[in-house]
Amino acid sequence: MENPCEVLGTEGLIRRHEFVRIIIQCLYSLGYSSSAACLELESDISYKSNELKLLESFILNGNWDDSIEYLNSIKDVLGETRESALLLVSRQCVREYLNCGEDELALAVLRKQVSALDVDRCKVHSLAMCMLSFKDRELAVVDENDVVVHDLRRKLLADLESLLPPPISVPEARLERLVESTVTAWVDSCMYHSSSNQISLYEDHRCSRDRIPTRTTQILTGHKNEVWFVQFSNNGEYLASSSNDCTAIIWKVLEDGILTLKHTLNGHQHAVSFVAWSPDDTKLLTCGNTEVLKLWDVETGTCKRTFGNQGFVVSSCAWFPNSKQFACGSSDPEKGVCMWDCDGNVIKSWRGMRMPKVVDLAVTPDGEYLISVFMDKEIRILHMGTNAERVISEEHPITSLSVSGDSKFFIVNLNSQEIHMWDVDGKWDKPSRFNGHEQHKYVIRSCFGGLNNTFIASGSENSQVYIWNRRNPTPIEVLSGHSMTVNCVSWNPKIPQMLASASDDYTIRIWGPSFQKNEGQVE
């Protein structure tokens, strides 16, 4: 006879009886019925508890009074599920009485058993309506040995098995869920998790730090002054950069991971502090705090249109998913936020003397929300479909904004040396906070990156790049190499091991995993 108190494992935390019972359930669910039955026989442990077996006997034989009486007798074990279990049994009982033409017996069950239950009254009314619908039509008397009745009783047992608490019933797919919980815990505790491969159960999962970008693989020196902004294209095949030298550059990412200069975009008269790729990566917008907005053709490197004039300055811009429309924000309150098309037509605008200065803005990749940062502590989240707006007020000035690729989260850099992550839907009362970098007076930009946007990277005024796992407020990596302030970082959305950083030292550094050997410099 199996000892129900016997335990397994080095810590003695697993009851052998429960462990074997769960294995038997798993074997049955996988279709290995013979193996499951063999294990039940050999271990003297049954998958079904004695309570469930007795209840099964009552139900399959149509002993409804015994079924109800037994459920009431174990009410302390059933707890809150007793009422729902009684309703399921009573419902089947009523239906079978009606099928057999026993209307009085069905009505008695409804009045005596069902009406006394503390359950949703809609379910009780539904059962009463069931009686009326049966009485409105003529039914042939169904024998209790009929296949339909048998199947309905089997379904009732399956519903009860899903409902009743352990140890009477084993929760569905219990072993699978235990294993999934373990795998999830592995991933959650893995600060460097960056693998899209299925996780093996043969050993505990742990990603090595050499799977994320920690080593300089290339230094780009195409700019002649401070580099203020970098952003990879959505397909990961290009990198755009902008600089205090009044130019923007489009770099091509080759198959071996090396970047080469594709186009230098000349035409701005002042520093270019912002670029934005169209979702289809065929167009690029460039702008600056004292500059106009320009639209460029990525393939040819030619300027397709200049928006506004020298009095129309744009500080930030963001595309909508159709690659035909975009929003731009201005530090001039009279200009506010405008929505344009590529032909230069203003589709919509939010402006006026009461409009604060726009520090930064973004459109979620799904196009549902326009998120704007206003001078200098206010975040406004506008739903484009309903025009519903939500406002978040930060305690310290915000310098930049970045949205996750799945449209669920956004991060803002504060000059209090913190990065705050908020959810777009507005379910969070407080943000997740990340610290460790330095930011006092300059605009520092951060980004999401890695597999499933698991990581956050940011520049810093101390010339370093910081990387956090979103589940941890302290950095997991600090990357050294730049000699001056790192203004902006961008994670390649298609190559999770590639990161770019832009610095006041006139360079862009490309970072890759430590196992990578190739590195170079591009003039």
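Assuming 0.36 nm per residue, please report the length gained on full extension of the stretch HIS396 to ARG111 beyond their Cα-Cα distance. Don't skip to the end; give the middle numbers.
Details: separation 285, 0.36 × 285 = 102.60 nm, distance 6.47 nm.
That works out to 96.1 nm of additional length.
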(message) As a test of the formula, what do you get for the chain when each DSSP H run with n ≥ 4 contributes -39,500 (n - 2.57) and the sum is divided by the residue count, at 222 nm and rounded to the nearest 500 deg cm²/dmol?
(response) -7500 deg cm²/dmol
(message) Need the full-extension length gain, ASP65 to ALA173, defined as separation in residues times 0.36 nm minus the C-alpha distance. One decimal, nm.
(response) 35.8 nm
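For region 213-510, what class follows from the C-alpha gyration tensor (a ≥ b ≥ c being the square roots of its eigenvalues): rounded when a/c is under 1.5, otherwise prolate if a/b is larger than b/c, else oblate? It would help to have the intermediate numbers written out before the result.
Values: a/c = 1.44, a/b = 1.07, b/c = 1.35.
Note, shape of region 213-510 comes out rounded.
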(message) Using 0.36 nm times the number of residues separating ALA185 and LEU13, minus their current alpha carbon distance, what extension gain do you get?
(response) 60.1 nm
(message) Place a point 7 Å from the Cα of THR221 along the Cα-to-Cβ direction; which residues of region 496-514 have their backbone N under 16 Å from it?
(response) 503-510
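In Å², and per residue, what accessible area does region 1-119 have when probed at 1.4 Å with the other protein chains present?
Values: 6970 Å² over 119 residues.
Each residue of region 1-119 exposes 59 Å² on average to a 1.4 Å probe.
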(request) Just flag the chymotrypsin sites (Phe, Trp or Tyr not before Pro) in region 30-117 sitting in loop per DSSP whose Cβ has no more than 16 other Cβ atoms within 10 Å. (result) TYR32
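Can you give the FRET efficiency to the nearest 0.05 for LYS427 and ASP341, using r as the Cβ-Cβ distance and R₀ = 30 Å?
Details: r = 33 Å, r/R0 = 1.11.
In this case the efficiency is close to 0.35.
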(request) Find, among the GluC sites (Glu not before Pro) in region 1-103, those assigned to loop by DSSP (not H, G, I, E, B) with at most 16 other beta-carbon atoms within 10 angstrom. (result) GLU2, GLU6, GLU11, GLU80, GLU102
(request) Starting from the residue with the highest accessible area, list SER460, SER57, SER483 in decreasing order, probe 1.4 Å. (result) SER483, SER57, SER460
(message) Along the Cα→Cβ direction, 7 angstrom out, place labels at GLU203 and ALA158. What is the inter-label distance in nm?
(response) 4.1 nm
(request) Go through [x] 28.2; [y] 45.4; [z] 34.2 and flag the label whose value is the computed mean projected area of the Cα convex hull in nm² for this structure. (result) [z]
(request) Scan around LYS283 for amide H atoms under 5 Å from its own, H built in the peptide plane at 1.01 Å from N, and keep only partners 5 or more places away or cross-chain. (result) SER278, VAL298
(request) For LYS430, list the lysines whose Cα falls under 29 Å from its own Cα; do not include residues on the same chain fewer than 8 positions away. (result) LYS357, LYS377, LYS408, LYS441
(request) Could you grab the relative contact order for the chain? Cα pairs under 8 Å, six or more apart, rounded to a whole percent. (result) 11 percent
(request) Tell me the label-point distance for the pair ASP210, THR302, using the 7 Å Cα-to-Cβ offset, in nm and rounded to one decimal. (result) 4.9 nm
(message) What does DSSP give for the chain in terms of the percent of beta bridges that are antiparallel, rounded to the nearest 5?
(response) 95 percent
(message) At 1.4 Å probe radius, can you tell me the per residue accessible area of region 213-510 in Å²?
(response) 38 Å²
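Over region 213-510, with every protein chain in place, what whole percent of the accessible area is carbon and sulfur at 1.4 Å, could you tell me?
Details: 5180 of 11410 Å².
Of all accessible area on region 213-510, carbon and sulfur atoms account for 45 percent.
Relative contact order of region 213-510, please, whole-number percent, based on alpha carbon pairs below 8 angstrom and at least 6 residues apart. Don't skip to the end; give the middle numbers.
Details: 885 pairs, mean separation 43.0, N = 298.
Relative CO of region 213-510 lands at 14 percent.
The values are calculated or read from the model by the stated rules, or taken from the named source; none is laboratory data. Since the structure is predicted, the reported quantities are computational estimates derived from the model, not experimental observations. No Cβ is skipped: glycine too gets one built from the backbone with ideal geometry, and neighbour counts run over all protein chains shown. Protein only, heavy atoms only, side chains kept; ligands, DNA and RNA dropped before computing areas. Shrake-Rupley method; radii C 1.70, N 1.55, O 1.52, S 1.80 Å.
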